[in-house]
Structure formats: C-alpha cells, structure tokens
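**Student:** Sharing a structure here in structure tokens format.
The values are calculated or read from the model by the stated rules, or taken from the named source; none is laboratory data. Remember, predicted model here, so these are calculated numbers, not experimental data. No Cβ is skipped: glycine too gets one built from the backbone with ideal geometry, and neighbour counts run over all protein chains shown. All accessible areas refer to the heavy atoms of the entire protein, side chains included, with ligands and DNA or RNA removed. Shrake-Rupley method; radii C 1.70, N 1.55, O 1.52, S 1.80 Å.
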Amino acid sequence: MLRISLFNFFYYWIVSMINAFLPLLFRFKGLSPAQIGIVLSVGPIVAIFSQPFWGVVSDKKQSVKNVIIFLLMATLITGLAVFFSPTMSLLILMMMIFHFFMSPIQPLLDSLSTVFAKEKRVSYGSIRVWGSIGFAIASFVLGTIIGIIGIQYLWIIYSIIIIGVLFIAIRLTDPIVERKPLTTKGFQQAFRNARFLGFLIAILFIAIPHRMNDSMLAIYLKSLGASEGRIGLAWTFSALSEAPVVAIMYILMKRIPLLLLLGIASFFYTCRWFLYGLLTDPMMIIYSQALHSVTFAIFMVSALQYIATIIPEEMLATGQTAYYATFNGLATIIGSAAGGYLMEQFGGGFIYKMGSISALIGTLLFIILYAKDKGVEKRVQKT
C-alpha cells in the first residue's frame, strides 16, 4: 500500500511539471501562444496509438512494473531532448517521441493500482487520492522553486524527480494484470452503440475547453502578471479541491443518475469558463481553480462509471480506450492548437468565452441523452 501510494504521489509531480510549467518554458524560449499550442497538440496524436500499444506490450510481457520502469527511463532521456531542442521542427519531433513514452505511464499506473486495490481489498480511490495530493503539493513547491532559480533550469528539477520516481518504481510489486484485448471488432461494435457515440460527442465538447485550459492557463496567468509561484498555486487549488469530491462520489452516484451528474458538472464547466473569460485579476482566476472540484472531479468519475453501464463487459476495455482517446487525445489536439491560435489573435478572455459556449453545447447534449434514457425507462415500465 505504501509503495504504490508513494509512486502515485511522486509520479504526479512529473505530471504537474509538464502541465503547469512546460508551456512557460516554451514561452521563455520565445514561442508564441499559437506555436505553443501546436507543440502541445502533437503529443496527444501519438498518445492515441501509444497507449494501446504499450498496454498490449505489458499484457504480453505479463509485467506492468517493468514496462513502467522502461517508459520512465525513456521519458527521462526524451524529456531532456525536449528541453534542449533548438528549433521548432526538432521540438515538435521530440515532443512526439516524448509522449510516445510518457503518455502510457498513467493508464498503466491506474491498472496497477486497480489490481493492487482488489488484492488488498482497499478502494482504488484511497490509492489514487495520493496522486491528487502529490499534484497539489508539487504545483506549489515547484512554482516556488522555479520562481527563485528561473524557468530555464526546469530540466534539473525534472531529472531529479524522474530519477527519484524510478527508484520507487523498482521497489513496486508486479501482480499479473488481466485485461481484455482491444480488437477492431470491439471498436466497431462499440461505435454501433448510438448511446455511446452520443456520449463521446458530448464528452468532446466538454473536454476541448478543459484541455485548452490545461495548455493555456499558465500562459494566460503570466500575461496577466502572475508569478511562477502563483501559477503553481492555481494548480494546487484545483488538485486539492478534487480529492474530497472524488472521495464522496460513490454516495452521489447512488442518489443521482449518472447522466444527470454529467449534465450538472458540464453546467458548472460552462459557468467556470465564462467566469475565467470575465476575470482580469490573476488571483481571482487562481481562486476559481477550486471549481475543478465540481467540474472535473464529478465529470471524470461519472463518465467512467457510465461507460461501464452502457458497454458490455467484453468491450469495456475498448470503450474506456475510446473515452481516453477522446478526452485526452482528440480534445487535447483541438484545444491546444485552437486555443493557442485564438489566444494570440483575440486574447485569453476570448478563448475562455468560446470554451464556455463549447461546454454549454456539451451540457445540452447530456440533458438530451438523459431525457432519452428517461423516455426509454418509462416505455419499459409501461410494457
């Protein structure tokens, strides 16, 4: 329990560094918001394919631990290549290679944590929450350190943390992870499910502004005069607010229909992005990051649970992969590229107002899906 929790805790220090401070490094190097958006969007293209690939590799090798160790070592090397890439074209290439190794680590870690939780008869949330805590602490600590030594030395912090995480990974146990294989037939069957397809479309409208915020928030706050320490604080607020809501989600899901929960979270997303579009005080935006609790925390847990209710068990792995490809892949590509371009052309406030419109469309789609489900239930009851 201690080792896997400790790994989650420190692995999310790496995630915090990549999400919160890598865009600032690119800005320091002279890239425009549009260029940064392009650089950040290329990684998820690779991730769509690399995550299933490394999942298959871990199945064949019957070892999640060894694959994670290899991916961490490759991430260390390719990450340093990203930091020192002298040209835009080389930076794009190295970001693609970096994400080929980096992006599969989180799904594999989730798989390892899930198996461990079943073996030890503890909740998965009791392990995963340490990732949220680690992300929160890292955002504050790293922001403070970078504010003192300068963003140009981010590569030193990055190297130290990954080497530390590698030592923890070596001490992990490696249970056999049984996963149903992803197949072309499985994808075809999943996408013939109209409910699932409608669900993914709604997910995309919510995920695009969410991922846009992940890519552009640091740059937006910097343009408003926020220091690196305060930018780190913004991510601290979001991660800390997420943990308690995730912990009580099992109670909410028993009392509120999943599609209704998704609609509620989507409505809060709409309000959140509209608020960001109006605010010009960086501290007010930083405080507003606490809305992460009633947006992403509710949305993520409800979405994964809903997939399990509408997708047959034999296609569950396929359904979850399609969800992650939409939320983490396609939405990140669109959100990063479009967000960077629109920020450069019209400013940060504009992209958040556009994000609010996208979230509103997603909200309406979830309401329609919920209404259709209720209609089907009533017809079944009458018969």
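**Student:** Looking at the structure I just gave you, is Ile137 open to solvent by 30 Å² or more (accessible area, probe 1.4 Å) and under 17 Å from Phe9 (Cβ atoms)?
**Tutor:** When the stated conditions are applied, Ile137 passes them.
**Student:** Follow-up question, since we're still on this one. State all residues of region 18-33 that are closer than 14 Å to Gly150 by Cα, among the hydrophobic types (A, V, I, L, M, F, W, C) and open to solvent by 20 Å² or more (accessible area, probe 1.4 Å); if no residue qualifies, say none.
**Tutor:** Phe28 - this is the single residue of region 18-33 that is closer than 14 Å to Gly150 by Cα, among the hydrophobic types (A, V, I, L, M, F, W, C) and open to solvent by 20 Å² or more (accessible area, probe 1.4 Å).
**Student:** Quick check on region 89-100. Is at least one of its residues touching a residue at least 60 places away in the same chain (Cβ under 8 Å) and among the β-branched types (Val, Ile, Thr)?
**Tutor:** No: zero hits.
**Student:** While we're on this one: Can you tell me which residue among Ile68, Ile36 is crowded, with 22+ Cβ neighbours inside 10 Å, farther than 22 Å from Ser336 by Cα and either modelled with pLDDT under 90 or under 21 Å from the mean Cα position of the chain (by Cα) (or both)?
**Tutor:** The conditions single out Ile68.
**Student:** Of everything in region 55-65 that's β-branched (Val, Ile, Thr) and in contact (Cβ under 8 Å) with a residue 12 or more places away in the chain, which residue is most open to solvent (accessible area, probe 1.4 Å)?
**Tutor:** Of everything passing the filter in region 55-65, Val56 is most open to solvent (accessible area, probe 1.4 Å).
**Student:** Something else now. Looking at this structure, is Gly55 touching a Lys or Arg at 6+ places or on another chain (Cβ under 9 Å) and either modelled with pLDDT of 90 or more or not aromatic (Phe, Trp, Tyr) (or both)?
**Tutor:** Taking the combined requirement at face value, the residue satisfies it.
**Student:** On to the next question. Can you name every residue in region 203-229 that is of a type in the set (S, T, N, Q) and open to solvent by 40 Å² or more (accessible area, probe 1.4 Å)?
**Tutor:** Within region 203-229, Ser223, Ser227 meet the criteria.
**Student:** I'm told Trp13 meets every condition in (1) under 18 Å from the mean Cα position of the chain (by Cα); (2) modelled with pLDDT under 90 except one. Can you identify the failing condition by its number?
**Tutor:** (2)
**Student:** Among the listed residues Val46, Val15, identify the single one that is open to solvent by 10 Å² or more (accessible area, probe 1.4 Å), touching a His at 6+ places or on another chain (Cβ under 8 Å), of a type outside the set (Asp, Glu) and within 19 Å of Asp214 (Cβ to Cβ).
**Tutor:** Val46
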